[in-house]
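Reviewing the structure listed below.
The values are calculated or read from the model by the stated rules, or taken from the named source; none is laboratory data. Here the structure is a predicted model, which is why all the values come from computation and not from measurement. Note that each Cβ is placed from the backbone with ideal geometry, even for glycine, and that neighbours are counted across all protein chains shown. The accessibility values were calculated without ligands, DNA or RNA, using every heavy atom of the protein model including side chains. Shrake-Rupley method; radii C 1.70, N 1.55, O 1.52, S 1.80 Å.
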Amino acid sequence: MTLQNPLLFKQHCYIDGKWVNALNQKTHLVNNPYDQSELGHVPMCGAAEAKQAIEAAFNAQKSWKMLTALQRSTYLRCWADLIDKHKEDLAILMTLEQGKPITEARSEIEYANSFIKWFAEEARRVYGDVIPSNKPKQHLLVLKQPIGVVAAITPWNFPAAMITRKCAPALAVGCTIVIKPAEETPFSALALAALAEQAGIPAGVFNIVTGNPSDIGAEFTHNPLVRKFSFTGSTQVGKLLMQQCASTVKKVSLELGGNAPFIVFDDADLDLAVTGLMASKFRNTGQTCICANRIFVQEAVYDAFTQKLVSAVKKLRIGNGLDESVQQGPLINEAALEKVTNHVADAIANGAASVFGGKRHEAGKLFFTPTILTDMNMSMLIAREETFGPIAPLFRFKTEEEVIAMSNETNAGLASYFYSQDIHRIWRIAEALQYGMVGVNEGIISTEVAPFGGYKESGIGREGSRYGIEDYVEIKYLCMG
Ligand code: ADP
């Protein structure tokens, strides 16, 4: 591994300011999804280490919450400066363990850091309220206080940003945090911890525990010292963890699966729509919860759009993410490859045509060729489930009513996209889509300044933006007689 600063490659957990092994000394191996080579080992911790980390976070919070907002902001800013300084190393680590192209890894580090910078600023604006009282001798006030210890579980698709989007608002308001990163991508998380340590963030404020998901998850969700639980991952695991949190009535934030519609109306700028779709669909090899999953194209432009899309997809360069020119990396693991393969097979068995790709790619064991399917219908698996891979399925539609109904025909409600140049249609569609986020003539919508989150089974709460603070504070009402 060619890091400028090899000290960022950590193979221990970070608990209470110390780099530690699992109590039973067990570890688990992390492989590079590009060629399955061994990258390193991390501790295989369980409930006992999670409990230690929670207790450390609980003790650390006593003094962390007493700092001024400006002091906490300064710590965050210092951490952000170090992340900027070590951006290249962090990007290399991410590509090695996750497989995404290095250009995307660099962008993710910038995106991840944008949350730390944003919440370093927001830390100083956690305002309360004064409420006009009904009684002359009473004063009514609202204070916002840090909720306490936060526990978080994060996924492998954005190994850095999903951590900072949770820990930055938590630390900003005076909470402390314990995080379990995904087993596929612990090294990005541990490198962030190394820089938090270097930034002088006090011991116990930011903790990383790697290891057994269900054991650590059980401790996170049942331990009464944890007052807030935040999860990004699959809907299935999110539901389970939400249920577990009921035992101690924790405040819960969930960012779960999506099934994004991407609608191209007959009045759309087709070139713009293709550019937007390429970014939305193929970023991270299709492994994002806001990737276009069902592409609805109005019949008058269906063939023209398909042709333009085929030309764009043909140009994608596939291979080792460390190669600067590569745009598509491997899928994360065998299960991901199997899901993509099944979705394509199911569509074809039910009448779809593969006009490009449709098979594995020779770049390596976990590669799938970017694929375009036409003649899709709503009975196919892809219509109901998130594919999480580089498959662009094209559905044909006739009317606005029809496409709104098809778009909303899902339990998910995270991101949606549509392309039109008619202002009346734009408002009608934007209001009718049952989604937490709507890209209008835009395929890349995530930013630290706007609220990220979903309707329906896509989750609870919002991350980023001024709304993102709310998930980490309690509201306290004072009635002064
Ligand atoms: P994916 O299928 O995309 O990997 P998951 O929801 O399985 O999505 O994983 C997201 C995160 O949830 C990962 O950090 C993973 O380790 C964790 N996880 C998976 N199963 C459990 C569980 N039973 N309890 C707690 N965490 C879990």
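3J(HN,Hα) along region 140-146, derived from phi through the Karplus expression 6.51 cos²θ - 1.76 cosθ + 1.60 where θ = phi - 60°, amounts to 10, 9, 10, 9, 10, 10, x Hz, with x in place of Gly and Pro. What separates the Cα centres of region 100-179 and region 356-385 is a distance of 37 Å. Backbone phi angles across region 128-133, fed through the Karplus curve with coefficients 6.51, -1.76 and 1.60 (θ = phi - 60°), yield HN-Hα couplings of x, 9, 10, 10, x, 7 Hz in residue order; Gly and Pro are listed as x.
Among DSSP beta bridges lying fully in the chain, give the percent that are antiparallel, nearest 5. Numbers along the way, then the final one.
Working: 27 of 67 bridges.
Of the beta bridges lying entirely in the chain, close to 40 percent run antiparallel.
Counting pairwise Cα distances across region 213-269, what percent come out greater than 15 angstrom? The share of Cα pairs beyond 15 Å in region 213-269 comes to 53 percent. Two numbers describe the Cα atoms of region 177-229: Rg and Dmax, which are 11.9, 32 Å. When only the Cβ of Lys, Arg, Asp and Glu is charged (+1, +1, -1, -1), the dipole of the chain relative to its Cα centre reaches about 1540 debye.
Helix 161-173 axis versus longest C-alpha principal axis of the chain: approximately 30°, rounded to the nearest ten.
Computed from Cα positions, the angle between helix 69-85 and the longest principal axis of the chain comes to roughly 50 degrees. Summarising the label geometry, the points placed 7 Å from Cα in the beta-carbon direction at K314 and E442 lie 3.2 nm from one another.
For the peptides 330-341, 314-325, residues were scored by their other Cβ atoms within 10 Å and the scores averaged per peptide; the highest-first order is 330-341, 314-325. Hey, what angle do you get for helix 213-222 against the long axis of the chain, alpha-carbon based, 0 to 90 degrees rounded to 10? That helix lies at roughly 50 degrees to the long axis.
What fraction of the Cα pairs in region 83-157, stated in percent, has a spacing above 18 angstrom? When all Cα pairs of region 83-157 are counted, 63 percent exceed 18 Å. Scattering from the chain was approximated by placing one identical point on each alpha carbon and applying the Debye formula without solvent; log10 I(q)/I(0) at 0.09 1/Å stands at -0.61.
Of all the accessible heavy-atom surface of region 383-481, with the other protein chains kept in place and a 1.4 Å probe, what percent is carbon and sulfur?
On the way: 2450 of 4570 Å².
Carbon plus sulfur share of accessible area: 54 percent.
The residues of the chain expose on average 40 square angstrom of accessible surface per residue, using a 1.4 Å probe on protein heavy atoms.
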